[in-house]
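Colleague: Mind looking over this structure? Questions follow.
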Amino acid sequence: MATASAGAVAAVASGAIPAYGNLSKKAGKLAIHGGQRVRTKSWPSWPIWDKSAEEAILSVVRSGIWCRLGGTKVSEFEEKYAELMGVKRCLATASGTTALLVAMHVLGIDAGDEVIVSPYTFIATYNVVFLSKVLPVFADTDPETFQINPDKIEERINERTKAILPVHILGLPANMDRINAIAKKHNLLVIEDACQAWMAEWRGKKCGTLSDLGCFSFQNSKHLPAGEGGAIVGNDDEIMDRCYSFHNCGRPYGSVKRTSSYPTRGSNRRMQEFQAVILMSQMKRLEKDTQTRWENAQYLTSKIKDIPGIIPHKLYPQVTRAAYHLYPFRYKKEHFNNAPRQKFLAALSAEGVPCSGGYGPQYKDGLVEEALNSKGYNRLFSKRRLKRYRQELHYPDNDELCEEAVWLSQRLLLTTKSDMDDIADAILKIYENRDKLA
Ligand SMILES: Cc1ncc(COP(=O)(O)O)c(C=O)c1O
């Protein structure tokens with residue numbers, strides 16, 4: 001594995017450019033200014049279809065059994081996914097959002113409760129909390145790891161707090177040792193939003209299996225895609241029976257006994273048979289893809305870590321594998337002639353490396369005020385509580401991260417080390433040309 005030599009690191013410290021691979025041949029005018037792009041080849045597209053699954057899909061279509069009720073495919077997928085995750089049970093759902101909604105309901109997180117959650121996540125995490133008429137109380141983000149900062153959780157807990165909802169965002173594991181210890185101390189539930197973290201591992205155990213319940217998404221962009229879809233995993237049979245019952249309109253299931261046709265409230269959150277067939281086909285590539293992303297991500301980190309102003313994400317030492325739905329690093333403009341991140345992103349894209357700036361500070365978005373002003377929230381929470389909530393709605397570390405983050409898509413990692421060299425070379429070329437960037 002090629003890493004920056006001690007000499008190269010010293011050169012960085014002294015402000016000179018380290019010798020990275022064959023960069024000098026590729027360097028020169030930035031592509032955004034009309035120069036040659038570093039990367040001319042295309043990147044893999046996603047998802048990748050396996051033609052051998054077509055017969056199985058056709059046979060479901062022809063059977064007319066498209067719903068899981070009466071079918072076998074969804075149950076078959078559930079068994080396989082539970083085994084893959086190393087967990088007793090899995091319930092497939094219509095989406096990751098519905099998986100989280102079912103988990104929240106079944107664990108008794110109810111209207112008027114509060115849940116501690118990371119502000120740095122896909123908006124669905126906020127939405128499931130609001131849809132449950134629960135107050136999402138944000139704990140600031142740790143910009144180094146991109147995850148919820150465990151040091152910021154306890155100060156947010158009060159007598160209404162019912163659960164912590166950590167998100168393994170970007171497919172990088174959150175600090176589950178700390179989160180579980182805090183939950184235990186305060187008698188709180190933990191639901192993992194593992195919607196971006198299939199096959200990521202903490203101390204050798206899969207993310208999503210480290211708490212009361214874990215939730216996954218199988219939406220089109222995900223590493224295990226089926227267009228739409230989701231799953232809940234857990235080890236407690238009684239809780240999982242209740243999940244099944246709730247996702248199937250409240251019908252009896254297992255330990256949810258037949259006291260009537262509908263012994264409990266419920267909803268329809270079922271997965272379709274076609275989705276399960278696609279998932280079983282996509283599952284065949286998941287382990288290999290995960291390992292490829294993991295190895296390439298580590299190599300990429302080794303290549304870019306010494307470039308001034310480029311701060312790769314940190315992984316906790318307990319992480320035995322990250323899933324890398326996105327590969328993130330931070331961009332410090334002061335090392336790039338104060339060129340705003342937008343300029344860097346445009347320059348990197350022009351060099352043939354697609355990238356984005358990721359999430360904004362969404363807790364400042366309209367949805368929060370809309371919820372706080374709603375009739376329901378004003379019935380459930382006192383004026384005093386809502387006033388204090390608004391006053392505390394400041395997350396400076398998260399805001400800083402939202403301004404500095406750079407994301408690379410998982411697709412880019414499904415390649416080889418020499419493709420990672422292209423990414424590193426493109427970043428270094430921009431650094432070399434920083435005087436022309438601003
Ligand atoms: C972190 C996170 N949580 C929840 C979800 C919701 O999943 P879905 O889109 O399947 O409803 C997603 C999906 O993008 C996600 O990334």
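The values are calculated or read from the model by the stated rules, or taken from the named source; none is laboratory data. This structure is a prediction, so every number in the text was calculated from the model and none was measured. Note that each Cβ is placed from the backbone with ideal geometry, even for glycine, and that neighbours are counted across all protein chains shown. Ligands, DNA and RNA are excluded from the accessible area calculation, which covers all protein heavy atoms including side chains. Shrake-Rupley method; radii C 1.70, N 1.55, O 1.52, S 1.80 Å.
Colleague: Determine whether Ser221 is open to solvent by 30 Å² or more (accessible area, probe 1.4 Å), within 16 Å of the ligand (Cβ to nearest atom), of a type in the set (Gly, Ala, Ser) and within 25 Å of Arg160 (Cα to Cα).
Modeller: So Ser221 does not fit the description; no.
Colleague: Continuing with the same structure: Any idea which residue in the range 200-218 is most open to solvent (accessible area, probe 1.4 Å), counting only those that are closer than 18 Å to Thr290 by Cβ and away from the ligand (no atom under 15 Å from the Cβ)? Step through it out loud before you land on a result.
Modeller: Of the residues in the range 200-218, the ones closer than 18 Å to Thr290 by Cβ are 200-210, 214, 216-218.
Now narrow it down to the ones that are away from the ligand (no atom under 15 Å from the Cβ): 201-206, 209-210.
On the way: Glu201: 33, Trp202: 6, Arg203: 148, Gly204: 45, Lys205: 107, Lys206: 35, Thr209: 14, Leu210: 28 Å².
Once the filter is applied, the top-ranked residue is Arg203.
Colleague: Considering only the range 153-177, how many residues are under 24 Å from Leu326 (Cα atoms) and out of contact with any Pro (no Cβ under 6 Å at 6 or more places or on another chain)?
Modeller: Going residue by residue through the range 153-177, those that are under 24 Å from Leu326 (Cα atoms) are 164-177.
Remaining after also requiring out of contact with any Pro (no Cβ under 6 Å at 6 or more places or on another chain): 164-169, 171-173, 176-177.
Count: 11.
Colleague: Something else now. Is there a residue being more than 30 Å from Ala297 (Cα to Cα) and within 16 Å of the ligand (Cβ to nearest atom) anywhere in the range 134-151?
Modeller: Start the filter on the range 134-151 by keeping residues that are more than 30 Å from Ala297 (Cα to Cα), which leaves 134-137.
Those still in the list that are within 16 Å of the ligand (Cβ to nearest atom) too: 134, 136.
Checking the range 134-151: at least one residue is more than 30 Å from Ala297 (Cα to Cα) and within 16 Å of the ligand (Cβ to nearest atom).
Colleague: Whether any residue in the range 179-194 is part of a helix (DSSP H, G or I), among the basic types (Lys, Arg), open to solvent by 30 Å² or more (accessible area, probe 1.4 Å) and under 30 Å from Glu114 (Cα atoms) is what I want to check. Reasoning before the result, please.
Modeller: Step one: list which residues in the range 179-194 are part of a helix (DSSP H, G or I), which gives 179-185.
Those left that are additionally among the basic types (Lys, Arg): 184-185.
After this cut, where a residue has to be open to solvent by 30 Å² or more (accessible area, probe 1.4 Å) as well, the list is 184-185.
Keeping just the survivors that are under 30 Å from Glu114 (Cα atoms) gives 184-185.
Within the range 179-194, one or more residues are part of a helix (DSSP H, G or I), among the basic types (Lys, Arg), open to solvent by 30 Å² or more (accessible area, probe 1.4 Å) and under 30 Å from Glu114 (Cα atoms).
So that you can scan it fast, the table gives a plain yes or no per residue for (1) over 13 Å from Ile427 (Cβ atoms); (2) of a type in the set (A, V, I, L, M):
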{"residue": "Ser261", "(1), (2)": "yes, no"}
{"residue": "Ile311", "(1), (2)": "no, yes"}
{"residue": "Leu315", "(1), (2)": "yes, yes"}
{"residue": "Tyr331", "(1), (2)": "no, no"}
{"residue": "Glu334", "(1), (2)": "yes, no"}
{"residue": "Ser356", "(1), (2)": "yes, no"}
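Colleague: Sticking with this structure for a sec: Give the range 91-105 a look and list any residue that's small (Gly, Ala, Ser), within 11 Å of the ligand (Cβ to nearest atom) and under 13 Å from Asn268 (Cα atoms), or say none. Break it down stepwise before answering.
Modeller: So the first thing to find is which residues in the range 91-105 are small (Gly, Ala, Ser), and the list is 92, 94-96, 99, 103.
Cutting the leftovers down to within 11 Å of the ligand (Cβ to nearest atom) gives us 94-96, 99.
Correct list: Ala94, Ser95, Ala99.
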